[in-house]
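Report on the following structure.
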Amino acid sequence: MKKNGISSSTTTIRRMRRTAERLVLVACMLGGFAPIAVAADPSSEDFTVPDRRREQFPKDFGYAAFPYPYRLPGIGSGLSFAAGAFNIADTYTDAYGIVFTGDVKGGAAGVSDIHLIPRTLILDLGYGAINRVTLQSYSQRGMNTAKDDFSLVELGDTEYYGARMTATFFERRFELHGYWYEGASRLKSIRDRRASGTRTATSSSKRRTRRATAATPCSLGPAST
């Protein structure tokens, strides 16, 4: 009887969670489409949408370039150089990049705010590659492992690239996002944290991972934004 009660409670919680998610989505949609209703009936004073105080699509040109020293656990230390330009050639488009030297060789670059449809459909692109990185890998999740009970997984020839598409409406009050990312890396070794030497042989093949997802954030547009 107890198991049945627990199962019934779990099912009820899941249903309530799904219902709450649907209500949030409906609220977002109503918040996004509210300006249409106000525009259709200008005499209505029952509902108003706060104006944006800040320009949501600035076009002021800017740029930055600077050295960037780094010291990262599992990666190493060295000096990198970062640069970026914003709102290039009187557009909304930004471009940026970073180059690593020292213990790590590689870099990353990206182009964002490519307006396929001005102020409505926006594309972001990015790519990065480094020659090596070391990650911590625990044998179990949660509190069942000791502080030093992990292995060091060393990866080489790591590269990741991806894109994001954004459909935005009503001065960024309602947006739809779609993401796609893909990456590849080569396993070089696995070392036990508490022992010396390599526990697993190197691999000559790359392992590739892919990820695609979608999101629907929304904002009612507070006057301070």
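Read-outs throughout are calculated quantities, based only on the coordinates presented, and are distinct from any laboratory measurement. Only a predicted model underlies this, so the values are computations on that prediction, with no experimental measurement involved. Here the Cβ is made from the backbone with ideal geometry for all residues, glycine too, and neighbour counts use every protein chain on show.
On the principal axes of its alpha-carbon atoms, the stretch 73-180 has extents of 52, 34, 18 Å, going from largest to smallest.
Of the peptides 94-103, 112-121, the ranking by mean beta-carbon count within 10 Å, highest at the top, reads 94-103, 112-121. Put simply, the amide H of PHE174, placed in the peptide plane, has neighbours under 5 Å in PHE169, SER219, leaving out anything fewer than 5 places away on its chain. Residue by residue, the stretch 77-94 carries 3J(HN,Hα) couplings of 9, x, 10, 10, 10, 10, 8, x, 9, 10, 6, 6, 6, 6, 10, 8, 7, 10 Hz when phi is fed to the Karplus relation 6.51 cos²θ - 1.76 cosθ + 1.60 (θ = phi - 60°); x denotes Gly or Pro.
Remark: the ARG71-THR134 segment gains 21.4 nm on full extension, using 0.36 nm per residue and subtracting the alpha carbon distance. Couplings for the stretch 144-155, taken from phi via the Karplus curve 6.51 cos²θ - 1.76 cosθ + 1.60 with θ = phi - 60°, read 7, 10, 7, 4, 9, 8, 8, 10, 9, 9, 9, 10 Hz in order; Gly and Pro are left as x. Quarter the surface of the alpha carbon convex hull of the stretch 45-133 and you get the mean projected area, 9.0 square nanometres.
How much net charge surrounds ALA95 when only the other residues with a Cβ under 14 Å from the Cβ of ALA95 are counted, with Lys and Arg +1 and Asp and Glu -1?
-3
May I ask you to compute the full-extension gain from ILE190 to LYS59, defined as 0.36 nm times their residue separation minus their alpha-carbon distance, rounded to one decimal in nm? Show your work: numbers first, answer last.
Details: separation 131, 0.36 × 131 = 47.16 nm, distance 4.83 nm.
Once the chain is fully extended between ILE190 and LYS59, it gains 42.3 nm.
Spin-label pair TYR181-ILE88: with each label point 7 Å from Cα along the Cα-Cβ axis, the two points sit 2.3 nm from one another.
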